[in-house]
Amino acid sequence: MSALHEILTPAATLTAPPSAPPAPAPQELLLGVGLAYIAPAALNVAVKLRIPDLLGAGAKDVATLAAQSGSDAAFLFRILRTLECVGIFTRTDSLTFALTPAGLLLRSDVDDSMADAIEWLTDPLHYEIYGTLRHSVENGVIAFDALYKEPFFHWLARPENREESAVFNNAMTAISGMCTPAILEAYDFGAFTRMVDVGGGHGALLRSILKAHPQLSGTVADMENVIADTRAAIAVDGLESRCDAAVCNFFEAVPLGGDGYILKHIIHDWEDSAAITILRNIRKVIPSHGRVLLAECVLDNGAAPHPGKMLDLEMMAFVGGKERTEAEFAELFAQAGFQLRRVIPTRSPVALLEAVPV
């Protein structure tokens, strides 16, 4: 008898979970939280082995998936069974798996794919960093800096970390893709003539804005190790005549010429003094009629769940930044010479914070 059949024989039956399960007992809740790290670890294995791409829109038995992915069938079964529990895979029979609607988004060939984002968010590097979280909290130091002896973005720019940098930047592009439709829906960019996307990575957000507003031009500004891929993405979209990419250290200066400056998930990477420096550099070049837009999570001080509350610990552990409340953003703007004019919610976890020079 095979190892798989020792785990689950073909005669075994699968029972559907109840449609409305009761709330977990306190002990079960604690156990669930304590074991929560296992699902992301399993998910990283499935994504790295490209199991979603191998399944596509169909179903395959574990033996076939194992042969195609170069993995052990019995061990792979246990990974997929665990991810079935959290809604990523489903089974058509005891040893045959398919993707759920959420799992389909892990295919690399679908619109709005989250494969790159999940590959980064579940990367084993996170376990190293969060393993030092107690030291970080006890000493008020950034966990990544304490472990690697240099800031995250410096480490990411090293040639030897090119592969990790690609995973990170691809993830940022994927996450941008999640939020971009909601941002375009919530805000009229037609009032601008030239947008500068500060820290824009591969320019996914700005490229989408330019495609929606043919009268606009723009610049993507980011670190040198990113710009080659940014220029390639601009070329693929056929936007070379309206969009360029500039090497930028936004702690020193930002590109001139924009009447709109947008920063998506940039300010949250930095503690207050660094964030103010970035905004002050924009203040030096923005015209009096210009506007700054931040696309960020905006937290309240209540107990309501919000993805930004988890993301806040990611900022604390990796880069020393933080997610902020509306009042905290208003204070950053004031210190940099801007006035927060309005906060515009979107149907994504991020809101748009619009500020004007004063």
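The values are calculated or read from the model by the stated rules, or taken from the named source; none is laboratory data. Note that the coordinates shown come from a computational prediction; the quantities given were computed from them, not determined experimentally. Neighbour counts are summed over all protein chains in view; Cβ atoms, including those assigned to glycine, are modelled from backbone coordinates with ideal geometry. Calculation scope for accessible area: heavy atoms of the full protein, side chains included, ligands and nucleic acids excluded. Shrake-Rupley method; radii C 1.70, N 1.55, O 1.52, S 1.80 Å.
Within the stretch 258-281, track down each residue that is aliphatic (A, V, I, L, M), more than 11 Å from Gly199 (Cβ to Cβ) and touching a helix residue (DSSP H, G or I) at 6+ places or on another chain (Cβ under 8 Å). Before the answer, list the steps.
From the stretch 258-281, those aliphatic (A, V, I, L, M) are 262-263, 266-267, 274-276, 278-279; that's our starting set.
Cutting the leftovers down to more than 11 Å from Gly199 (Cβ to Cβ) gives us 274-276, 279.
Result: Ala275, Ile276, Leu279.
Among (1) farther than 18 Å from Leu263 by Cα; (2) open to solvent by 50 Å² or more (accessible area, probe 1.4 Å), which single condition is Ala317 missing?
The failed condition is (2).
Restricted to the stretch 187-220, and to residues that are over 21 Å from His289 (Cα atoms), among the small types (Gly, Ala, Ser) and in contact with a strand residue (DSSP E or B) (Cβ under 8 Å, 6 or more places away or on another chain), which residue is surrounded by the fewest Cβ atoms within 10 Å (Cβ to Cβ)?
Within the stretch 187-220, the match that is surrounded by the fewest Cβ atoms within 10 Å (Cβ to Cβ) is Gly199.
Select, from Glu138, Glu160, Glu150, the only residue that is in a loop (DSSP other than H, G, I, E, B) and out of contact with any helix residue (DSSP H, G or I) (no Cβ under 8 Å at 6 or more places or on another chain). Spell out how you get there, then give the answer.
Working: Glu138 fails: in a loop (DSSP other than H, G, I, E, B); Glu160 fails: in a loop (DSSP other than H, G, I, E, B).
Matching residue, one of Glu138, Glu160, Glu150: Glu150.
Only one residue in Asp72, Asp112 is closer than 30 Å to Pro181 by Cα and open to solvent by 50 Å² or more (accessible area, probe 1.4 Å). Which one?
After ruling out the rest, the residue left standing is Asp112.
Does Ala232 qualify as being free of Cβ contacts under 8 Å to residues at least 24 places away in the same chain, open to solvent by 40 Å² or more (accessible area, probe 1.4 Å) and closer than 19 Å to Phe318 by Cα? Step through it out loud before you land on a result.
Numbers: free of Cβ contacts under 8 Å to residues at least 24 places away in the same chain: yes; open to solvent by 40 Å² or more (accessible area, probe 1.4 Å): yes; closer than 19 Å to Phe318 by Cα: no.
Judged against the criteria, Ala232 is not a match.
List every residue pair whose Cβ atoms lie under 8 Å apart, where the two residues are 6 or more positions apart in sequence or sit on different chains, the first residue falls within the stretch 288-303 and is within 26 Å of Val196 (Cα to Cα), and the second residue, located anywhere, is aromatic (Phe, Trp, Tyr) and part of a strand (DSSP E or B).
Gly290/Tyr261; Arg291/Tyr261; Val292/Tyr261; Val292/Phe338; Leu293/Tyr261
Has the stretch 130-148 got at least one residue that is of a type in the set (Phe, Trp, Tyr), surrounded by 21 or more Cβ atoms within 10 Å (Cβ to Cβ) and touching an Asp or Glu at 6+ places or on another chain (Cβ under 7 Å)? Give the derivation first.
Step one: list which residues in the stretch 130-148 are of a type in the set (Phe, Trp, Tyr), which gives 130, 144, 148.
Filter once more, so that each one left must be surrounded by 21 or more Cβ atoms within 10 Å (Cβ to Cβ): 144.
Still in the list and also touching an Asp or Glu at 6+ places or on another chain (Cβ under 7 Å): none.
So far as the stretch 130-148 goes, no, none of its residues is of a type in the set (Phe, Trp, Tyr), surrounded by 21 or more Cβ atoms within 10 Å (Cβ to Cβ) and touching an Asp or Glu at 6+ places or on another chain (Cβ under 7 Å).
When both residues are 6+ apart or on different chains and their Cβ atoms are under 8 Å apart, which pairs have a first residue that lies in the stretch 328-346 and is under 15 Å from Thr277 (Cα atoms), and a second that is of a type in the set (S, T, N, Q)?
Listed by first residue and then by second, the contacts come to Phe333/Gln339.
Would you say Thr92 is free of Cβ contacts under 8 Å to residues at least 40 places away in the same chain and hydroxyl-bearing (Ser, Thr, Tyr)?
When the stated conditions are applied, Thr92 passes them.
Cβ-Cβ under 7 Å, sequence separation 6+ or interchain: first residue in the stretch 50-73 and under 14 Å from Arg91 (Cβ atoms) and in a loop (DSSP other than H, G, I, E, B), partner of a type in the set (Asp, Glu) and open to solvent by less than 60 Å² (accessible area, probe 1.4 Å). Which pairs?
So the pair list comes out empty.
Each row is one residue, and each column tells you yes or no for (1) part of a loop (DSSP other than H, G, I, E, B); (2) in contact with a strand residue (DSSP E or B) (Cβ under 7 Å, 6 or more places away or on another chain); (3) not aliphatic (A, V, I, L, M).
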{"position": "Thr92", "(1), (2), (3)": "no, yes, yes"}
{"position": "Phe97", "(1), (2), (3)": "no, yes, yes"}
{"position": "Ser108", "(1), (2), (3)": "yes, no, yes"}
{"position": "Asp112", "(1), (2), (3)": "yes, no, yes"}
{"position": "Asp116", "(1), (2), (3)": "no, no, yes"}
{"position": "Asp123", "(1), (2), (3)": "yes, no, yes"}
{"position": "Glu128", "(1), (2), (3)": "no, no, yes"}
